[in-house]
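The next block holds one structure in the form of structure tokens; read it before the comments.
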Amino acid sequence: MKVFSALSGQTRDINYKRQTMTRQLLKSLALTLLFTAVFAHAAPHNIAANADSVKPILNGQTVPNSTLYQLDEKAVKLHDIIKNKPTVIIFYRGGWCPYCNAQLAGLKDVESKIMNLGYQLIAISPDSPAKLKKQAFEIQQKIQLMSDTHFKTIEDFGLGFYLDEKTSDIYRNKFGIEFADLDGTSKVALPVPAVYIVDQKGMVHFQYVNPNFKVRLAPELLYQAAKIANLGK
């Protein structure tokens, strides 16, 4: 009986130790998953500290298949937009930017000529679909306006940069511009203005990126670039 009692006690000790180790293992695993989720959520954006530090997609590279939003707020993948026609993609800061509006207005002189070469034109900005709908009504152009309100496409193209606090305050307070803060922080970001010409597979044949938002690609130069690329009919 004493032997049996001793064996029973050892068995209970072994089971207790196993249960304790199992609980510790599960607790450790839970903490690991928690920290992984936290760090994954807190991973830094691919957004440069300033406009001069952006690292845009270059000629010969393939554009990302990011999600954009049409004027009716319907989500659409970039590759689905470009798969049927070579595309001129224009990134601009928003309808509030006078330099951007001048750039889009200048495209009226060449958009039909570019489309006759077999291209389509899309313009991407962080503006909401509602704002773009109003802008589309005002400009009355053939170019398709697309919203990147979540900043994902701009980020994937390597065009995003953070505004300094002083500039952010000026834009907000003086001009009444509303920005969507990233990750709930006070930092706001904009795209460096850029122009891309891509084929149906998304490969870049031409790109123009200028950190100086006051300098834009001349409409006639864009037409000539599209003509030389010869991706259309």
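Conditions (1) modelled with pLDDT under 95; (2) within 23 Å of H205 (Cα to Cα); (3) part of a helix (DSSP H, G or I); (4) out of contact with any Gly (no Cβ under 7 Å at 6 or more places or on another chain), marked per residue:
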{"residue": "V88", "(1), (2), (3), (4)": "no, yes, no, yes"}
{"residue": "A123", "(1), (2), (3), (4)": "no, yes, no, yes"}
{"residue": "K134", "(1), (2), (3), (4)": "yes, no, yes, yes"}
{"residue": "A180", "(1), (2), (3), (4)": "yes, no, no, yes"}
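Can you name the condition, by its number, that A136 falls short on among (1) crowded, with 18+ Cβ neighbours inside 10 Å; (2) closer than 21 Å to Q103 by Cα; (3) out of contact with any helix residue (DSSP H, G or I) (no Cβ under 9 Å at 6 or more places or on another chain)? So the condition that A136 fails would be (1).
Hey, any hits in the range 66-82 for a residue that's open to solvent by 30 Å² or more (accessible area, probe 1.4 Å), touching a residue at least 12 places away in the same chain (Cβ under 8 Å), hydroxyl-bearing (S, T, Y) and in a helix (DSSP H, G or I)? For the range 66-82, residues open to solvent by 30 Å² or more (accessible area, probe 1.4 Å), touching a residue at least 12 places away in the same chain (Cβ under 8 Å), hydroxyl-bearing (S, T, Y) and in a helix (DSSP H, G or I): absent. Quickly run through the range 186-209 and pick out the residues that are open to solvent by 60 Å² or more (accessible area, probe 1.4 Å) and polar (S, T, N, Q). Residues satisfying the conditions are S186, Q200. Against the condition assigned to a loop (DSSP other than H, G, I, E, B), among the charged types (D, E, K, R) and modelled with pLDDT of 95 or more, how does K187 come out, does it pass? Spelling it out, it is not the case that K187 is assigned to a loop (DSSP other than H, G, I, E, B), among the charged types (D, E, K, R) and modelled with pLDDT of 95 or more.
When L104 is tested against (1) crowded, with 19+ Cβ neighbours inside 10 Å; (2) within 20 Å of G202 (Cβ to Cβ); (3) touching a Phe, Trp or Tyr at 6+ places or on another chain (Cβ under 8 Å), only condition (2) is not met. Kindly check whether there is at least one residue in the range 147-164 that is out of contact with any helix residue (DSSP H, G or I) (no Cβ under 7 Å at 6 or more places or on another chain), open to solvent by 30 Å² or more (accessible area, probe 1.4 Å) and without any contact (Cβ under 8 Å) to a residue 60 or more places away in the chain. Within the range 147-164, not a single residue is out of contact with any helix residue (DSSP H, G or I) (no Cβ under 7 Å at 6 or more places or on another chain), open to solvent by 30 Å² or more (accessible area, probe 1.4 Å) and without any contact (Cβ under 8 Å) to a residue 60 or more places away in the chain. When restricted to residues that are touching a residue at least 60 places away in the same chain (Cβ under 8 Å) and crowded, with 17+ Cβ neighbours inside 10 Å, the range 107-116 contains 3. The one condition from (1) over 18 Å from the mean Cα position of the chain (by Cα); (2) on the phi > 0 side of the Ramachandran plot; (3) surrounded by 19 or more Cβ atoms within 10 Å (Cβ to Cβ) that G94 does not meet is (1). Looking at this structure, is N212 open to solvent by 50 Å² or more (accessible area, probe 1.4 Å) and on the phi > 0 side of the Ramachandran plot? Spelling it out, it is not the case that N212 is open to solvent by 50 Å² or more (accessible area, probe 1.4 Å) and on the phi > 0 side of the Ramachandran plot.
The values are calculated or read from the model by the stated rules, or taken from the named source; none is laboratory data. Not measured: the values here are computed from a predicted model. Please note: Cβ atoms are built from the backbone with ideal geometry, for glycine as well, and neighbour counts cover all protein chains shown. Each accessible area value is taken on the protein alone, full model and side chains, heavy atoms only, with ligands, DNA and RNA left out. Shrake-Rupley method; radii C 1.70, N 1.55, O 1.52, S 1.80 Å.
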